[in-house]
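Notes to accompany the following structure.
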């Protein structure tokens with residue numbers, strides 16, 4: 001992979017993840033809506049080498065060393081991996097001429113991961129069905145993942161003006 005293509009994918013992935021985090025921050029500051037605790041993602045990941053993939057309640061599971069760092073790092077690595085996935089599926093040309101539909105579709109499609117893997121593994125049920133307000137949790141997940149898709153587009157658009165030839 002060409003260095004500039006790799007660099008572009010990393011920038012788009014990190015930037016889109018930052019947009020997602022900014023969205024979560026705005027929801028928290030404006031409406032007091034808490035976002036996903038990435039420390040718990042780290043805890044979940046750090047339990048995996050011990051063979052523990054599911055939890056009755058991840059918040060009550062044994063805390064792990066550097067779980068917050070692991071969770072936040074995983075969040076950004078996943079963002080970069082998803083940006084790479086988009087470029088592979090659509091084409092590296094998308095980075096030069098970004099359109100909004102592919103990243104929105106990808107962003108919304110990625111909600112299957114929290115709905116069917118993370119939330120059940122955290123003890124929250126499929127699509128947060130065991131939470132006090134499953135519909136609210138589902139809508140929040142969809143909005144978060146849509147914001148990631150919007151972030152992919154915005155950052156790629158900005159980058160296309162800065163680095164017009166990076167494929």
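Read-outs: derived from the displayed coordinates by stated rules, not from any lab. Note that the structure is predicted; figures quoted are calculated from it, not measured. Cβ: placed from backbone, ideal geometry, glycine included. Neighbour counts: every protein chain shown.
Quick notes on this one:
- Nearest 10 degrees, 0 to 90: helix 38-47 Cα axis against the chain principal axis: 70 degrees
- Once you reduce the stretch 65-119 and the stretch 1-64 to the center of their Cα atoms, the two points are 11 Å from each other.
- Annotation: extensible slack from residue 56 through residue 91 equals 8.5 nm (criterion: 0.36 nm per residue apart, minus Cα-Cα distance).
- Normalising the average separation of contacting C-alpha pairs (under 8 angstrom, six or more residues apart) by the number of residues puts the relative contact order of the chain at 35 percent.
- A Gaussian network model of the chain, with springs between Cα atoms under 10 Å, assigns the largest mean-square fluctuation among 12, 88, 111 to 88.
- Here the stretch 27-73 is treated as a sphere whose radius is the Kirkwood value from Cα pairs; by Stokes-Einstein at 20 °C and 1.002 mPa s it diffuses with a coefficient of 189 µm²/s.
- Distance histogram in 10 Å bins (all Cα pairs of the stretch 3-162, percent per bin): 11, 37, 34, 16, 2
- Think of it as helices only: each DSSP H run of n ≥ 4 in the chain is worth -39500 (n - 2.57), and spread over all residues that comes to -21000 deg cm²/dmol at 222 nm.
- Taking a point 7 Å from the Cα of residue 163 along the Cα-to-Cβ direction, the residues of the stretch 1-35 with backbone N closer than 19 Å to it are 1-19.
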